[in-house]
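The structure appears right after this line, and notes come after that.
No lab work stands behind these numbers, since they all come straight from the coordinates. Everything numeric here is computed off the predicted structure, so don't read it as measured data. Quick reminder, even Gly has a Cβ in these numbers, built from the backbone with ideal geometry, and neighbours come from all protein chains shown.
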Amino acid sequence: MSSALRFGRLFLFSPAKAAAACATDRALKDSSIVYGLTLLAAALFQYWKPYDFPDAAAAVPLGPQGFFFWLKVMLWQPLLMAALIGFAGVLLRWLKDGWLPLKVASSVFWCAAPLVLTVLYVKNGIPKPAFAALMVLWAVPAFAVGRGVPAAQWRPLAAFLLGLNAIQLAALFPQAVVTALRWEGGYKAVVGVAGFWMLIGGALGLKALAPARPLARAALPLLFALVLQIVVVIAAFMLGWLPVETLKALLYG
């Protein structure tokens, strides 16, 4: 446990050192412990936090949101984390070289496609067989690009993205303080700073993660991967796989 906490501390103060630590044999184990602690702490925090804070006008939940509800919500997180790791690996490979404006434009199109196709399907714009075929067609380029990622790069990438959750874990304490004070501005500030540092720290760490890359080619893949992760959640809800309360919990907490 102490090794995992020391590992997680690197993400708070030195993302480049955290990236270097991800090359060690213990990195994936330590990062998984950090991630597990984050999910457990987040479930406890959301169970304790009033549903109408920081949004005093929030609608009353449709059902009870006890600790078991939040544990069920957290069970979705490993699936979304696995998707994030996969998306990030593919996008890092795709954006690592070539003319950046073209690569960015194609990445935007690829990230938007599943949501557009889901909306068309739900609105009866395309039949189910066509939707399935188009989704397979969307996935083919990702598998093709993903095959170009050396196997040795997936493990440190997974360790880094899992360990990056140490920032969210550390932010839960000040979030609890401002929640107890019912300080809406303070809560939003803490969440904003934590999110900003996860993005900036993530970009700095991915820049240093082997093979090293320019900052723009580290930040953009992470940003696109995070957006695509949200798209997956929204698409799952539109397809009826997620209840509305779970959707709200995943997106807003």
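Which whole-number percent is the relative contact order of the range 2-252 (Cα, under 8 Å, 6+ apart)? Could the numbers behind the result be given before it?
Numbers: 268 pairs, mean separation 83.7, N = 251.
Dividing the mean separation by the residue count of the range 2-252 yields 33 percent.
What would the Debye equation give as log₁₀ I(q)/I(0) for the range 24-98 at q = 0.20 Å⁻¹, counting only Cα atoms as equal point scatterers?
-0.95
Between A56 and L251, take the C-beta separation as r, use R0 = 22 Å, and let me know the FRET efficiency to the nearest 0.05.
Values: r = 19 Å, r/R0 = 0.85.
Computed FRET efficiency for A56 and L251: 0.75.
At 24 Å minimum axial length over the Cα atoms and a Kyte-Doolittle cut of 0.0, report the qualifying DSSP H helices in the chain, or say none. Display every interim value, and only then the final one.
Values: long enough: 27-48 (31 Å, 0.94); 77-94 (25 Å, 1.47); 100-122 (34 Å, 1.70); 128-146 (27 Å, 1.58); 184-208 (36 Å, 0.96); 216-238 (33 Å, 2.33).
Membrane-span-like by this rule: 27-48, 77-94, 100-122, 128-146, 184-208, 216-238.
First measure r as the distance between the Cβ atoms of I230 and S2, then evaluate 1/(1 + (r/R0)^6) with R0 = 35 Å and state the FRET efficiency to the nearest 0.05. Working shown, then result.
Values: r = 34 Å, r/R0 = 0.98.
Step by step, r from the Cβ atoms, then E = 0.55.
With runs of 4+ DSSP H residues as the only contributors, calculate the mean residue ellipticity of the chain at 222 nm using -39,500 (n - 2.57) per run, divided by the residue total and rounded to the nearest 500. Could you put the intermediate results ahead of the total?
Details: 12 runs with 195 residues, N = 253.
It comes out at -25500 deg cm²/dmol, rounded to the nearest 500.
Return the loop-located trypsin sites (Lys or Arg not before Pro) in the range 169-253 (DSSP other than H, G, I, E, B) with at most 16 other Cβ atoms within 10 Å of their own Cβ; answer none if there are none. Before the final figure, lay out the partial values.
Numbers: sites: R182, K188, K207, R217, K248; in loops: R182.
Taking the range 169-253 and a limit of 16 other Cβ atoms within 10 Å, the loop trypsin sites (Lys or Arg not before Pro) found are R182.
Let's see if you can work this out: charge +1 on each Lys and Arg Cβ, -1 on each Asp and Glu Cβ, no other charges. What is the dipole magnitude of the chain about its Cα centre, in debye to the nearest 20?
Values: 20 positive and 7 negative charges, 118 e Å.
Magnitude of the dipole: close to 560 debye.
Binning every alpha carbon pair distance of the range 87-136 at 10 Å from zero, what are the percents per bin?
24, 39, 26, 11
How large is Rg/Rh for the range 2-252, to two decimals, with Cα atoms and a Kirkwood Rh?
Numbers: Rg = 19.0 Å, Rh = 19.4 Å.
Result: Rg/Rh = 0.98.
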